[in-house]
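Notes follow once the structure below has been shown.
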Amino acid sequence: MTSMTEPNINALAVSSNTNNTDYIQQLTTQFNFTLSDINPDQTQLVYDGEKLAIHALNLGKPISIDFLAGKNAHRQQFGGGRGQPLARAIGLTKGKSPTIIDATAGFGRDAFVLASLGCQVTLIERHPWIAALLQDALTRAQADSDSSAHKMQLVYSNAPDYLAQLPANENPDVIYFDPMYPSREKSALVKKDMRLLHQLVGADMDSTALLNAALKTANKRVVVKRPSGVPWVGELSPHTQIESKNTRHDVYMIHDK
Ligand SMILES: C[S@@+](CC[C@H](N)C(=O)[O-])C[C@H]1O[C@@H](n2cnc3c(N)ncnc32)[C@H](O)[C@@H]1O
């Protein structure tokens, strides 16, 4: 049984006035959700007939993903293009647009930046609610024929499992990942959506397995995003590091393919 405080991450709560049954059916099939009623005393994934959002008890406004407006659109316009640290770490120089797997998609921000810069990006996310938010945001954004979301596709899976079954001719040029790291900041200073991720997902303790799987699968490089000053994943030293204010990108080049 699920307690009042522990969310049921296999349930989707639907507003009683919603009649978009085909879409609800699609979501329940894709993410194996059971349907429930809305309960304002519980943290829930809610479909209100327009979009999916997580209603978290202690975080105020519902949290959803939007690739057409807000922070994503702003970063697309003003984010620094191919000169920004993420793009440099991925290797977006000289007009190259590698194929990318983002193995820890989260809210899809980094993946959207890379898609906006012209790369084809496969997003992997294993948490059912976060994966469902991503799918819903992609569906809404892909209704706009100009959106970079057309370059993104979601896979709901644990990344090493997905990478292990990928045929060699579908291996990407680059595998990128940004695992959850235990928060070092006071919770009031951490942004609401990151607080939600910390509550739902916790720290990712299996990043070394993901790094090993990625190194076997990527054709050109593996890039790991870390907070500045923390150890390398699996204590494996990268070939290059790109440092920015609070973040470090560790770049592992693949030489023997
Ligand atoms: C820090 S967040 C990523 C944020 C993301 N870079 C962004 O720009 O929004 C990490 C996410 O990766 C997911 N994750 C961690 N390990 C994973 C794995 N092995 N397979 C799939 N998803 C994973 C977590 O559930 C979480 O949603």
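Some observations on this one:
- Local electrostatic count, residue 82, Cβ distance below 13 Å [Lys/Arg +1, Asp/Glu -1]: +3
- Between the amide H of residue 14 and those of 36, 38, 47, distances stay under 5 Å, these residues lying 5 or more places away or on another chain, with hydrogens modeled in the peptide plane.
- Based on Cα contacts under 8 Å between residues 6+ apart, segment 61-169 shows a relative contact order of 27 percent.
- If you run the Gaussian network model on the chain, springs between alpha carbon atoms under 10 Å, then out of 25, 120, 76 the most flexible one is 25.
- Rolling a 1.4 angstrom probe over the protein heavy atoms with all chains in place gives the chain an accessible area of 51 Å² per residue.
- Contact order relative to length of segment 70-253, as percent, for alpha carbon pairs under 8 angstrom and 6 or more apart: 21
- Mean residue ellipticity (222 nm) of the chain, computed from DSSP H runs ≥ 4 via -39,500 (n - 2.57), nearest 500: -8500 deg cm²/dmol
- Rounded to the nearest 10 degrees, the inclination of helix 192-201 to the longest alpha-carbon principal axis of the chain is 90 degrees.
- Accessible surface of the chain, 1.4 Å probe, proportion on carbon and sulfur as whole %: 49
- Principal-axis tilt of helix 128-142 within the chain, Cα atoms, nearest 10 degrees: 80
- Dipole magnitude for segment 70-253: about 640 debye, using +1 per Lys or Arg Cβ and -1 per Asp or Glu Cβ, origin at the Cα centre.
- Packing-based ranking, highest mean first, of 151-160, 101-110, 201-210, 129-138 given that Cβ atoms within 10 Å are counted: 101-110, 129-138, 151-160, 201-210
- For the chain, share of DSSP beta bridges that run antiparallel, in % to the nearest 5: 45
- The peptide list 241-248, 169-176, put in order of mean Cβ contacts within 10 Å with the highest first, becomes 169-176, 241-248.
- The calculated Kirkwood hydrodynamic radius for the chain is 19.2 Å, given to one decimal from all distinct C-alpha pairs.
The values are calculated or read from the model by the stated rules, or taken from the named source; none is laboratory data. All figures in this text were calculated on a predicted structure; none of them were measured in a lab. Every residue, glycine among them, receives a Cβ derived from its backbone with ideal geometry; neighbour counts consider all protein chains shown. We work out accessible area using only protein heavy atoms, side chains counted, and drop any ligands, DNA or RNA first. Shrake-Rupley method; radii C 1.70, N 1.55, O 1.52, S 1.80 Å.
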